[in-house]
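Before any comments, here is the structure.
The values are calculated or read from the model by the stated rules, or taken from the named source; none is laboratory data. Keep in mind that this is a model prediction, so the values were computed, not measured. For neighbour counting, all protein chains shown are included, and Cβ atoms are generated from backbone atoms with ideal geometry for every residue, glycine included. For the accessible areas, the whole protein counts, side chains as well, though only heavy atoms, and no ligand, DNA or RNA atoms are used. Shrake-Rupley method; radii C 1.70, N 1.55, O 1.52, S 1.80 Å.
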Amino acid sequence: MMTIFGSTCSLSSAMRRAGAAAVVLAFAVSAGHAQSGPFSSLNGAWSGTGTVSLSDGSKERIRCRAQYRVGSNGNALKQSLRCASDSYRFDLSSDVTAQGNRVAGTWGEASRNLYGDLQGQISGNEINVFVTAAGFAGNLSVTTRGNRQSVTIDSKGDLRGVSITMSRGS
């Protein structure tokens, strides 16, 4: 018999308790690590409003919904962003991974049949990427502070710019 944590128990009972404690600790460390990647703060549904600027100089108000699905380690992200106004709509999706502060992956805009690559970097709460596809190139920036997020897109094509402010779960 031996005394562990103030109680008397047999060696085999002590080993079972130690083993159980190790399993609990391993799950706690895994759960904490799963949330430690650069995308962990994005997970979930977001919605909000903004403006879209077109090449003819017009600007329109848009309503947007985003869904972020973060991989278990926080370093993988699948994103969809759907925005619409009375006369304009876009439907973006992306599948990205992070290694350190670098981001790379693929993206698409379904309503215009555009698909391409993206690459960029993460700095604190900001993700900046350069997106390319046949006939399109642009910059996309996502800045997240708590449950608020701003998304900006700048390009030289028909879509000149997008500025969106969203909140989580709204």
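Test Q119 against the stated conditions and say whether it is touching a Ser or Thr at 6+ places or on another chain (Cβ under 6 Å) and either in contact (Cβ under 8 Å) with a residue 24 or more places away in the chain or in a strand (DSSP E or B) (or both). Walk me through it before giving the result.
Values: touching a Ser or Thr at 6+ places or on another chain (Cβ under 6 Å): no; either in contact (Cβ under 8 Å) with a residue 24 or more places away in the chain or in a strand (DSSP E or B) (or both): yes.
Judged against the criteria, Q119 is not a match.
What are the residue pairs meeting all of these: first residue in segment 37-51, first residue open to solvent by 40 Å² or more (accessible area, probe 1.4 Å), second residue of a type in the set (G, A, S) and in a strand (DSSP E or B), Cβ atoms under 9 Å, and 6 or more apart or on different chains?
Here the result reads P38/A98; A45/A66; T51/G161; T51/S163, each pair linking segment 37-51 to a residue that is of a type in the set (G, A, S) and in a strand (DSSP E or B).
Against the condition acidic (D, E) and outside any loop (DSSP other than H, G, I, E, B), how does D86 come out, does it pass? Spell out the reasoning first.
On the way: acidic (D, E): yes; outside any loop (DSSP other than H, G, I, E, B): no.
So D86 fails the test.
So which residues in segment 126-162 are over 15 Å from E109 (Cα atoms), assigned to a loop (DSSP other than H, G, I, E, B) and among the charged types (D, E, K, R), if there are any at all?
K156, the sole residue that qualifies.
Can you name the number of the only condition in (1) within 23 Å of S58 (Cβ to Cβ); (2) touching a helix residue (DSSP H, G or I) at 6+ places or on another chain (Cβ under 8 Å); (3) open to solvent by less than 80 Å² (accessible area, probe 1.4 Å) that R89 fails?
Every listed condition holds for R89 apart from (3).
Restricted to segment 103-125, and to residues that are open to solvent by less than 60 Å² (accessible area, probe 1.4 Å) and of a type outside the set (A, V, I, L, M, F, W, C), which residue is modelled with the lowest pLDDT? Steps first, answer last, please.
Step one: of segment 103-125, the residues open to solvent by less than 60 Å² (accessible area, probe 1.4 Å) are 103-105, 107-110, 114, 116, 118, 120, 122.
From the residues that got through so far, the ones that are of a type outside the set (A, V, I, L, M, F, W, C) too are 105, 108-109, 116, 120.
Working: G105: 97, G108: 94, E109: 90, G116: 96, G120: 97.
Looking at residues that are open to solvent by less than 60 Å² (accessible area, probe 1.4 Å) and of a type outside the set (A, V, I, L, M, F, W, C), I get E109.
Which one of these is crowded, with 16+ Cβ neighbours inside 10 Å and either farther than 15 Å from Y68 by Cα or at pLDDT below 95 (or both): V96, V129? First the steps, then the outcome.
On the way: V96 fails: either farther than 15 Å from Y68 by Cα or at pLDDT below 95 (or both).
One residue alone meets the criteria, V129.
Suppose we filter G105, G50, G57 for residues that are of a type in the set (G, A, S) and assigned to a loop (DSSP other than H, G, I, E, B); which single one remains? Steps first, answer last, please.
Numbers: G105 fails: assigned to a loop (DSSP other than H, G, I, E, B); G50 fails: assigned to a loop (DSSP other than H, G, I, E, B).
That would be G57, the only listed residue that is of a type in the set (G, A, S) and assigned to a loop (DSSP other than H, G, I, E, B).
Looking only at segment 133-147, how many residues end up being over 20 Å from Y88 (Cα atoms) and loosely packed, with under 14 Cβ neighbours inside 10 Å?
Residues in segment 133-147 being over 20 Å from Y88 (Cα atoms) and loosely packed, with under 14 Cβ neighbours inside 10 Å: 4 in total.
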